[in-house]
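Each value in this text was obtained by applying a stated rule to the coordinates, not by laboratory testing. Predicted, not measured: the structure shown is a model, and the values here were computed from it. Reconstructed Cβ throughout: ideal geometry from the backbone, glycine too, with neighbour counts over all protein chains shown.
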Amino acid sequence: MSTVTYRHFTGHAAENYQRDFVPLIATPVSESLLRIVDLQPGERVVDVACGTGHVTRAAAEAVGDTGSVIGIDIAPDMIDVATSVPAKGPRIDWQLCDAAALPLPDASVDVALCQMGLMFMPDRVAAIAEMRRVLAPTGRLAINTPGRISPFFEALETALVDHISADLGGFVSAVFSMHDPYDVVTLLTQAGLRDAESTVVTVRLTLPAPADFLWRYIALTPMAALIDRAPEQAKSAMERQFSNRTGRYVVDGAALVDLPMVVSTARP
């Protein structure tokens, strides 16, 4: 077994998310979302399921002091971490609430964003309908969700299921559950949006070596506590299997993984 420090879980999941997920995954996948939405100075933006606020802060910098930005998440720890990270641009209004019940007036924002959050929402149509409600008539929505699962993440899911618990496969499956562009367009249309479009953008991720990435990834998910309680033999076997099946991705000590992202836009 490797001796990476992430082998034992320290800190809250939200802190681990900000430390590892944001630079390794959230930052590179946000580039296409922000490029497509093309935020302008002075615009009013809401970022739904903002997590620790990477996209929210990028939006604040883009709209500048004449704009306004609201970051919304249902997880208190995510909002706590988000408020602790410095941001450029206008002061961000961080709100703790459900995406299906946004605390905003009708037609009060120009842009609604949602990065890698919609697939976890229990009522996706209701959440999208809320984003539509708060959009101004000339506004626009832009979201992204992971595309079809790659062999790298399939290997992660299989290792979890084979050695820890069959129940853990559900989390990884949920992450990739909105991989079909047609299905996303259908959801947007069902929620009352128009001109819905989806495109698949492939993002090259530069990740730590597989064993290191495995423990970093686990530590920022709800799976961490269950896996930490598993027998050492099971954890060793999980790590070994994942490393063996993903060794082909490693170049100069880093795992180079292509992640397809479904980037979708629509108007109210």
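Fewest to most neighbouring Cβ within 10 Å: what's the order for 36, 72?
If I rank by nearby Cβ atoms, fewest first, I get 36, 72.
Output the Kirkwood hydrodynamic radius of the chain, Cα pairs only, in Å rounded to one decimal.
19.1 Å
Within the stretch 75-139, list the trypsin sites (Lys or Arg not before Pro) lying in a DSSP loop whose Cβ has at most 15 other Cβ atoms in a 10 Å radius.
On the way: sites: 88, 91, 124, 132, 133; in loops: 88, 91.
Those that pass, being in a loop and sparsely packed, are 88, 91.
Hey, if you put +1 on the Cβ of every Lys and Arg and -1 on every Asp and Glu Cβ in the stretch 5-267, which of 242, 226, 215 ends up farthest toward the positive end of that dipole?
242
Roughly how big is the chain's charge dipole about its Cα centre, with Cβ charges of +1 (Lys, Arg) and -1 (Asp, Glu), in debye to the nearest 20?
Result for the chain is approximately 280 debye, rounded to the nearest 20.
Any idea what diffusion coefficient the stretch 40-140 gets from Stokes-Einstein, in µm²/s, Kirkwood Rh on alpha carbon pairs, 10 °C, 1.306 mPa s?
Reported coefficient: 120 µm²/s.
Quick one: net charge around residue 124, please, counting Lys, Arg +1 and Asp, Glu -1 for every other residue with C-beta under 12 Å from its C-beta.
Neighbourhood net charge equals -3.
Provide the net charge surrounding residue 138, with neighbours chosen by a C-beta distance below 9 Å and charges set as Lys +1, Arg +1, Asp -1, Glu -1.
+1
Are there any trypsin sites (Lys or Arg not before Pro) in the stretch 169-268 that are in a DSSP loop and have at most 13 other Cβ atoms within 10 Å? List them by number.
Numbers: sites: 194, 204, 216, 229, 235, 240, 245, 248; in loops: 229.
Passing sites in the stretch 169-268 are 229.
Quick one: net charge around residue 102, please, counting Lys, Arg +1 and Asp, Glu -1 for every other residue with C-beta under 9 Å from its C-beta.
Cβ neighbours under 9 Å give a net charge of -1.
Out of all DSSP beta bridges in the chain, what portion is antiparallel? Express it as a percent rounded to 5.
Expressed as a percentage, antiparallel bridges in the chain total about 50.
Mean-square fluctuation check for the chain, GNM, Cα pairs under 10 Å: which of 174, 60, 191 is largest?
Taking springs between Cα atoms under 10 Å, the residue moving most is 174.
Among 233, 190, 115, which one shows the highest mean-square fluctuation when the chain is modelled as a Gaussian network with alpha-carbon springs under 10 Å?
Of 233, 190, 115, the most mobile in the Gaussian network model is 233.
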